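Report on one structure; see the data block that follows.
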Amino acid sequence: MARVVLTGNLAKLADGEAELDLDVSSVRQLLRVLGDRHPRLKPHLEKGLAVAINGTIYQEAWLEAIPPDGEVFLMPQIGGG
Amino acid sequence: MAPMDGGGHDLKWVGKRPVRPDGVDKVTGRARFGADYNMAGQLVGRVLRSPHAHAVIKSIDTSAAEKVPGVKAVITRDDIPDQPPEPVTVGEMSVNFSDLIRNVLAREKVLYDGHAVAAVAATSAKAAREALKLIKVDYQPLPHVLDVEEAMRPDAPVLHDNLFTEGADPPADKPSNIAKRIEFTLGDVAVGFEQAEVVLERSYKTEPVHQGYIEPHACVASVTEDGQGELWCSTQGHFVVRAICARMIGMDISALRVTASEIGGGFGGKTVVYLEPLALALSKKAGHPVKMVMTRSEVFRATGPTSGATIRVKIGATKDGRITAGEAEMAYLAGAFPGSPVNPGCMCAFAPYDLENVWVVGYDVVSNRPKVAAYRAPGAPISEYAVESLIDEVADEIGMDPIDFRLKNAAKQGTHAAYGPKFGPIGMIDTLKAIKESEHYNTPLGPNQGRGVGSGFWFNIGGETCVSLNISEDGTATLMAGTPDIGGSRATLSQMAAEELGIDYDKVRPIIGDTSSLGYTFLTGGSRVTFSSGMATVQAAQEVIKELCARAAKIWDIPAEAVTWEDGEARPAGDNAGKFDPLSLEELAASAGKTGGPITGYASINAQGAGPGFGTHLVDVEVDKETGRVTVLRYTVAQDAGKAIHPSYVEGQYQGGAVQGIGWALNEEYIYGDDGLMQNPGFLDYRMPVASDVPMVDTVIVEVPNPNHPYGVRGVGETPIVPPLGAIANAVSHAVGVRMHELPMSPPKVLEAVGGAANGAGD
Amino acid sequence: MSKCHVTATINGDEVEYLCEPEETLLDVLRDQLFLTGSKEGCGSGDCGACSVMLDGRLVCACLVLGAEAQGRKVETIEGMAHGETLHPLQEKFLEHAALQCGVCTPGVLVAAKALLDRNPDPTETEVRYWLAGNLCRCTGYDKIIRAVMDTAAEMRGN
């Protein structure tokens, strides 16, 4: 089970469920499971999101693998100047 | 495998300081920037801008303007179709086209001084000017609001009737200027403040500042009768320009070919569009190419800047120097449309530190100012200025050296960043130690002088990136990247290509490809180019090498796996070692036609795993207590580059960021009159640092390799502008003996602070 | 009003052009003569990106009218190198990486050459004040100042 943490305003949209243990093996799968569980989150999962897996930040990376005991943070997408 | 630095591999080009490939063009005046392009038969495009801070546009009459001899097209809000106010994905960005269209050309209302209202294309500048004068706009002026706190008040003039605060709890039931409320929580600050022995709380304020690139926005556009478009422009991201313009003008993305000119500075301010859609729309209507160039006044009034903000910070610490809690609440000015960098501002605020309890709240606030654009580490300098100022004050309060205090709390590998995830290998502590050990830090100060330390963090990013690498018949290489080169990236990419291929740096000729020559490539921003295009370059070179080995294998009639690539030549390996004479790149290139065709490499990647950037700055200032002038005497930057591919250009980023920070801290600000009009839209009155304002900037390049890049690269372009504001504020405060909480610390404000302190002492 | 007929010497060559009375020398250089090395950063004489020499005097071409160049000598960045040989300042700017985006570079080079022509041994402070009229937003000036000082030393034969 991966430990998934929702940061910022995402937790609110998940009815306060900021930390979850999910059986997911890829980012795409994670987003699908989260969206099904919290429909209010769904539009926010489709855009403007970054996913940190064991400390490395991935953006727009559906296919990235999530290890079984991975620590995953969902956070706002990062841009730059 | 690409060689990692420190892996015992002798690097021939990476880490050296060769002359940049575009250097001669730039010292001889040959290099062509945005305004240097011309198309045959081009018209001159000009923009009519709002003279009001806030007004309803009741009507626009262009009939007289259209009759001016030489005028070929006039466009207004009626010429660009509206789009729904929903975010649309454009590459990696989420764009609200309803807002963007309204910023490019006002529709129902003008929302700031300088807001574009109409545009004309004419055969001469004179005719265009004449036409602008004859456009009749009937405005109904409205009350305006500029200040962030005033804009948040319930009785403030509301800019957008359809703007309801996102993230408000309970949900907003009426429109306001607060576009968004965001919140980040780590641990429990209530518990943290309980554990604290010292708790300080202060409020800070910063003013909007402009990116200040020397080259104004410029473009030339041509749309032909069959709907094909060509656009040359000065931009940080021509693929992004293409996507946005194509959607706005109603073209297929592939029907628009965008070429990035040389770019005369961007700093984030050229990641958006202003003139480009107007030039395309004018060209479409006129049937001729249209060239548009902004004046400096237009640049100030209608592009950039970055946010001004108010920030409240509260920090609790134990007397032995451990921070137990950090709290911050910040409101950022977004300008006329939502989208300030308050999100990263919140995430970065406490990021340099290893804290258990953090609570940060941010507000994105619209006002009657130009819509903000990204500016180097967007949002981070503002929030980190406030935090670094208070960190310094807490260190003073508990009687601890400011570097030791930071060292005791510094983020390190394994630290949970205040915004969530754990850091991998990072160089925060190394930069603090480098400054602490510097000769500068250990040199005594004179009277009226003060010393300040500030640290800073920025994420850095990767993203979608394409690079092609073609081997020419003589064994030289052409490298094409899609990321406009603002500060020397053609050099760094060529260095990595030369290193991989084992050929001379001079044998690699790099160019920036147009949007029809490469796959989608995200813009030059987020300090991503040397990281992402570097990663793609290495990958393209590896593909070339693989092919070269395969060709050699065919020539030798041995398996491809039995060939290795070393020092620019294919060598038989394993059982075959020494059986054949090595084949050089030159030889393999010459026979490429006979062995299967030209040898090329192409990488199309979404680069992930950017390495976070940390830096610490040290500055000495002297304050003239009679005039309030602050003179920067000495400056040292230490920052983690991961691996400096071309150290001179890394140093250049550090030095340039520091000096931009000096301007932000001491002088730069947008000044508005009561009428809501900008009063200083020129370089004389918007005072950026000049050569005589600043000292040399010493640099220390720390190298903690980023494990996700073949050479260990981290982005370096943005972090350097994060620490200066706090470092300089701390230095000024130490010099005058009183804490200042507002930027810029311009002479009048310093005088006020000094006078206030003198009066206070006399009481 | 009719156009002004102007004959001037630009980078050593006699040049003839017609310009509007209100047209600046910078517009003439860039738009008529295609000498686009001089840049317009402000149009108000504050940034120095259009620095040129007019009869041996350093000026901002945006503050000079095209008509004013009648019978005078104009030197621009395009005339700084000789054939295939760069001016020592140009060489040193490359060696020191004294440019990033490069848009201010032509103006800085013209101004720096004007300084070294009159003062072959300037102090760092003199270089900084002389170049105070040339804005650079990328470099923080450090490498520019070093390149100019180094060029001066080399040209003095040190």
Residues of region B:599-632 with amide N under 18 Å of a point placed 7 Å along Cα→Cβ from B:Asp474: B:599
Sum of side-chain charges, B:Val209 neighbourhood, beta-carbon under 10 Å (Lys, Arg +1; Asp, Glu -1): -3
Taking B:Arg528, C:Arg118, C:Arg72 and counting other C-beta atoms within 10 Å, the order from fewest to most: C:Arg118, C:Arg72, B:Arg528
Convex hull volume per residue for region B:141-280, taking Cα atoms only, in Å³: 228 Å³
Tensor-based shape of chain B (alpha-carbon gyration tensor, a/c under 1.5 rounded, otherwise prolate or oblate): oblate
Cα gyration tensor shape for region B:709-751, rounded if a/c is under 1.5, else prolate or oblate: prolate
Size of electric dipole in chain C: Cβ of Lys, Arg +1 and of Asp, Glu -1, about Cα centre, debye, nearest 20: 380 debye
Cα shape, the protein assembly as shown, gyration tensor, a/c 1.5 rule: rounded
Residue exposure sequence - C:Glu23, B:Glu718 - by fewest surrounding Cβ within 10 Å: C:Glu23, B:Glu718
Violating pairs (Cα-Cα greater than 26 angstrom) within the set B:Lys412/B:Lys436; A:Lys12/B:Lys412; B:Lys319/B:Lys749; B:Lys412/B:Lys749; C:Lys73/C:Lys113: A:Lys12/B:Lys412; B:Lys319/B:Lys749; B:Lys412/B:Lys749
Selection from B:Asn448, B:Phe580, B:Val372 lying farthest towards where the dipole of the protein assembly as shown points positive, charges on Cβ: B:Val372
Reachable lysines from B:Lys72, criterion Cα separation under 17 angstrom, eight or more residues apart if same chain: B:Lys126, B:Lys133, B:Lys284, B:Lys285, B:Lys291
Helical segments meeting 24 Å axial Cα length and Kyte-Doolittle 0.0 threshold in chain B (DSSP H): B:380-398, B:534-556
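Using r as the Cβ-Cβ distance of B:Arg30 and B:Ser692, and R0 as 45 Å, what FRET efficiency do you calculate, to the nearest 0.05?
Numbers: r = 30 Å, r/R0 = 0.66.
According to the calculation, E is roughly 0.95.
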Mean ellipticity per residue at 222 nm, deg cm²/dmol - from DSSP H runs of n ≥ 4 across chain B, formula -39500 (n - 2.57): -8000 deg cm²/dmol
Signed unit charges on C-beta, dipole axis of the protein assembly as shown, positive-most listed residue B:Thr524, B:His646, C:Thr24: C:Thr24
Test item: Cα-centred dipole of region C:4-79, Lys/Arg +1 and Asp/Glu -1 on Cβ, debye: 240 debye
Cut-off 13 Å between beta-carbons: net charge of the residues surrounding B:Val313, Lys and Arg +1, Asp and Glu -1: -2
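How would B:Met152, B:Met745 line up from fewest to most surrounding beta-carbon atoms within 10 angstrom?
So the ranking, lowest neighbour count to highest, is B:Met152, B:Met745.
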Sequence-distant lysines (8 or more away, or on other chains) whose Cα lies within less than 22 Å of B:Lys12: B:Lys507, B:Lys546, B:Lys643
Environment charge at B:Glu262 (Cβ cut-off 13 Å; Lys +1, Arg +1, Asp -1, Glu -1): +2
Spin-label pair A:Asp36/B:Arg107, simplified geometry with 7 Å Cα→Cβ offset, distance in nm: 3.9 nm
Which of A:Leu63, B:Leu278, B:Val71, positive extreme of dipole for the protein assembly as shown (C-beta unit charges): B:Val71
Reach of B:Lys433 by Cα under 16 Å, taken over aspartates and glutamates that are not fewer than 8 positions away in the same chain: B:Asp401, B:Asp404, B:Asp640, B:Asp698, B:Glu703
Point-charge dipole on Cβ atoms (K/R +1, D/E -1) for the protein assembly as shown, about Cα centre, debye to 20: 1520 debye
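The numbers here are math on the coordinates, done by the rules we state, and not lab data. What you see is a predicted model; the values in this text were computed from it and never measured. Every residue, glycine as well, gets a Cβ built from its backbone with ideal geometry; the counts of neighbours run over all protein chains shown.
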